[in-house]
1. Name the residues in the stretch 54-64 that are within 12 Å of ligand 2 (Cβ to nearest atom) and either at pLDDT 90 or above or among the hydrophobic types (A, V, I, L, M, F, W, C) (or both), would you?
2. When you scan the stretch 152-164, how many residues do you find that are within 19 Å of A20 (Cβ to Cβ) and either surrounded by fewer than 16 Cβ atoms within 10 Å (Cβ to Cβ) or in contact with a Pro (Cβ under 8 Å, 6 or more places away or on another chain) (or both)?
3. For T108, work out the one condition from (1) within 22 Å of D146 (Cα to Cα); (2) within 15 Å of ligand 1 (Cβ to nearest atom); (3) not charged (D, E, K, R); (4) not in a helix (DSSP H, G or I) it doesn't fulfil.
4. Among residues belonging to the stretch 8-46 that are in a strand (DSSP E or B) and of a type in the set (V, I, T), point out the one that is nearest to ligand 1 (Cβ to nearest atom).
5. Which numbered condition trips up T61, out of (1) farther than 18 Å from A19 by Cβ; (2) part of a loop (DSSP other than H, G, I, E, B)?
6. Is it the case that V35 is farther than 27 Å from P162 by Cβ, of a type in the set (V, I, T) and touching an Asp or Glu at 6+ places or on another chain (Cβ under 7 Å)?
7. Which one of A48, A20, A44 is small (G, A, S), near ligand 2 (Cβ under 10 Å from one of its atoms) and under 25 Å from S145 (Cα atoms)?
Amino acid sequence: MKSNLVIKSLDLAGLQDIAARLVRCLPRRLTLGLVGTLGAGKTAFVQAISRAIGVDAADVTSPTFTLLQSHRSGDQILHHLDAYRVMDEDEFLELGVEELFDDEQAWTLIEWADRVEGVMPRETLWLEIRIEEQPDLRTVEFRTSDSGLARVVETALREMMPSG
Ligand SMILES: Nc1ncnc2c1ncn2[C@@H]1O[C@H](COP(=O)(O)OP(=O)(O)OP(=O)(O)O)[C@@H](O)[C@H]1O
Ligand SMILES: [Mg+2]
């Protein structure tokens, strides 16, 4: 991504739209690093992805105390992690995350991934969610150092981006 991709004024339906577009355009193997303050909407975004792949969003809760929850629907797999309470990168690795990152079939979404940035894969799609002045709206910023992935994401979200 030459510059980060920013989409503003998203309500929950807008977040769902982004999730649906990503699921349509991306291979199943995707690692998403979710960044944002308490209540920004990281879990809400995991729920949006889960809906888009057919996993019951009601099953997707904050994994703060279990650190990892895995969900399956048909051949779709979603791993949901939360690094908020992880002490350091070593503790995060001890959860077996490298195996999850290598999983060819799974969506792996990590809340508070910036806390363990040093051990996140290079091909992570980073997604920062910011609360706007209007409390039900969010600004979402995407970045990745994987240029192939960046192109796919740009194509997937082109219609939602401000022109120019
Ligand atoms: N446009 C929006 N996008 C995302 N969430 C929204 C939006 N509008 C309202 N919300 C609400 O904001 C809350 C976001 O909470 P959520 O648990 O997803 O945050 P979080 O980033 O996971 O927080 P935590 O750091 O505690 O895990 C939800 O109650 C959601 O319904
Ligand atoms: Mg959360």
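1. Residues of the stretch 54-64 within 12 Å of ligand 2 (Cβ to nearest atom): 60-64.
Within the stretch 54-64, just V60 meets the criteria.
2. So in the stretch 152-164, the residues within 19 Å of A20 (Cβ to Cβ) come out as 152-161.
Cutting the leftovers down to either surrounded by fewer than 16 Cβ atoms within 10 Å (Cβ to Cβ) or in contact with a Pro (Cβ under 8 Å, 6 or more places away or on another chain) (or both) gives us 154-155, 158-161.
Qualifying residue count, the stretch 152-164: 6.
3. It fails just one condition, (2).
4. So in the stretch 8-46, the residues in a strand (DSSP E or B) come out as 8-10, 30-35.
Okay, now just the ones that are also of a type in the set (V, I, T), so 31, 35.
Values: T31: 17, V35: 9 Å.
My answer is V35.
5. In the conditions (1) farther than 18 Å from A19 by Cβ; (2) part of a loop (DSSP other than H, G, I, E, B), T61 misses (1) alone.
6. Numbers: farther than 27 Å from P162 by Cβ: no; of a type in the set (V, I, T): yes; touching an Asp or Glu at 6+ places or on another chain (Cβ under 7 Å): yes.
So V35 fails the test.
7. Values: A48 fails: near ligand 2 (Cβ under 10 Å from one of its atoms); A20 fails: near ligand 2 (Cβ under 10 Å from one of its atoms).
Result: A44 is the single residue among A48, A20, A44 that is small (G, A, S), near ligand 2 (Cβ under 10 Å from one of its atoms) and under 25 Å from S145 (Cα atoms).
Condition check ((1) under 14 Å from the mean Cα position of the chain (by Cα); (2) surrounded by 13 or more Cβ atoms within 10 Å (Cβ to Cβ)) across all residues:
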position: Y84; (1), (2): no, yes
position: Q105; (1), (2): no, no
position: E111; (1), (2): yes, yes
position: L125; (1), (2): yes, yes
position: T144; (1), (2): yes, yes
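The values are calculated or read from the model by the stated rules, or taken from the named source; none is laboratory data. Just so we're clear, the structure is a prediction, and the values are computed from it rather than from any experiment. Neighbour counts are summed over all protein chains in view; Cβ atoms, including those assigned to glycine, are modelled from backbone coordinates with ideal geometry.
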